[in-house]
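Here the structure comes first, spelled out in C-alpha cells, and everything after it is commentary.
Just so you know, all these numbers are worked out from the coordinates, no wet-lab data involved. What you are looking at is a predicted structure, and each value in this text was computed from that prediction instead of being measured. Cβ sites come from the backbone with ideal geometry, for glycine too, and all protein chains shown count toward neighbours.
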C-alpha cells in the first residue's frame, strides 16, 4: 500500500496530465505486449510514435529545459508503474500458493 501512495504522490507532484497518463498507459501496454507472441511491427511503430510525440508535447508546452525534465520524469513513472506491477504479481503468486481458490477472479488480469 505504501508503494501505491508514493506513486500517487509522484503523479500529483509532477502534475501529470490526462495526456501524460494516456501516453504512459500505451507505453506500459507496448512494453508488456513485447513478451507476447503477437505481430509487433504495429505496436513498435506506435510505441516509437508515442515516445516521439510525448517528447514533442513536453518540449512544446514546457520549453526545452523543463520539457526534457518532465519527459524524463514521466519515463521514471513508467519504471515505477512496472515495479508496482511486479510487486503485485509477487504478492498474487504468494496468495495463490497459500490458497489456490482465493483469487481465481484475478488469474486473467495478471
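Structure remark: mean-square fluctuation, Gaussian network model of the chain, C-alpha springs under 10 Å; the largest value among 77, 98, 24 belongs to 98. The C-alpha atoms of the chain define a longest principal axis, and helix 2-13 lies at about 20 degrees to it. Treating r as the C-beta distance of residue 60 and residue 89 and R0 as 41 Å, the FRET efficiency rounds to 0.65. Taking the number of Cβ atoms within 10 Å of each Cβ as an exposure proxy, the fewest-first ranking of 70, 35, 96 is 35, 96, 70.
Take every pair of alpha-carbon atoms less than 8 Å apart whose residues are at least six positions apart; their mean separation over the length of region 1-80 yields a relative contact order of 35 percent. In the chain, Rg over Rh equals 1.05, where Rg is the alpha-carbon radius of gyration and Rh the Kirkwood radius from pairwise Cα distances. Between helix 18-33 and the chain there is an angle of about 50 degrees, using the helix long axis and the longest principal axis of the Cα atoms. Could you give the angle, 0 to 90 degrees to the nearest 10, between helix 41-98's Cα long axis and the longest principal axis of the Cα atoms of the chain? On a 0 to 90 degree scale, this one is about 10.
By other beta-carbon atoms within 10 Å, ranking 21, 58 with the fewest at the front produces 21, 58.
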